[in-house]
1. Where does each of 181-194, 122-135 land if you order them by average Cβ count within 10 Å, highest first?
2. Classify segment 100-244 from the C-alpha gyration tensor, please: rounded if a/c falls under 1.5, else prolate or oblate depending on whether a/b exceeds b/c.
3. ³J(HN,Hα) across segment 60-73 via Karplus (A = 6.51, B = -1.76, C = 1.60, θ = phi - 60°), whole Hz, x for Gly/Pro?
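Laboratory data are not the source of any read-out in this text; all were calculated from the coordinates shown. Computed from a prediction, not measured in an experiment: that's the story for all the values here. Every residue, glycine among them, receives a Cβ derived from its backbone with ideal geometry; neighbour counts consider all protein chains shown.
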Amino acid sequence: MRLKRLMAILLCLCMALTLLPTAALAAAVGETIHVGGVKLTTTAETPTVYARTVGGAVTTGGASATDYNIMWDGTTLTLNGATITQGHYQGAAISYYNTESGSSGISQLDLVLVGENTVTGPDLNSSSVYDSYGIHVAGFGTSSDGTALTISGAGSLTATGGTVSRSGSYWSAGICNRVGEISVEGGTVNAAGGPSSGRSAGIHSQYKLTISGGTVNAAGGESESSYGIYSSSRGITISGGTVTAEGATQAVHT
């Protein structure tokens, strides 16, 4: 009798697992994020990738579950006392960008803050890379169904865009999401745009910015158009936390 009950329970568990969406079971496998120009990709053999920061540069050498500044599991990026001031991918010190056309990648990128963290975008005057970001989330799509960036944790983040000296309407921003939304749920977030010949913002959210907790300080840098917080559409919602925004053109643009 007991054996029959046990078999019935195991059968139910197996059936429940088969009902889970395939994407949910495999969401963490094969996802890539670039941190300090270093490509971190999860695999079935390595579902969690660890890295350290040394002198502002990122290295996977010597990193482990007990000694890391950066941890990536395919959906969550944890910064644990990280200092990233060297290296970039497509103009961003931290870049999540789905490069496969027709695929939206993960629907939400969680950034968890532990300790004090510094992320600095590169200074640019290149003809091939125009914008500079501390953190940049982008992907294919034309609406807010792209990857949402959510920031949480008890630590702090100072994200700064680099100097953009190339002529044109190019961006320097501390944190930017080009296809999707940004949500701040906790931690201390200091975001600043750098000097730019075009536009500068502490936080640039293409579709919507939601702040429900933590402390947010956003400032635009010296540029033709400078904003503390810039939201292109769907506005800004503040339901908690403390927010300070400064910009020579506008403190907050919606």
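1. On the way: 181-194: 24.3, 122-135: 20.4.
In decreasing order of mean packing, 181-194, 122-135 become 181-194, 122-135.
2. Working: a/c = 1.58, a/b = 1.19, b/c = 1.33.
Taking the square roots of the gyration eigenvalues as a ≥ b ≥ c, segment 100-244 is oblate.
3. So the Karplus estimates, Gly and Pro as x, are 8, x, x, 7, 8, 5, 9, 8, 8, 10, 9, 9, 10, 10 Hz.
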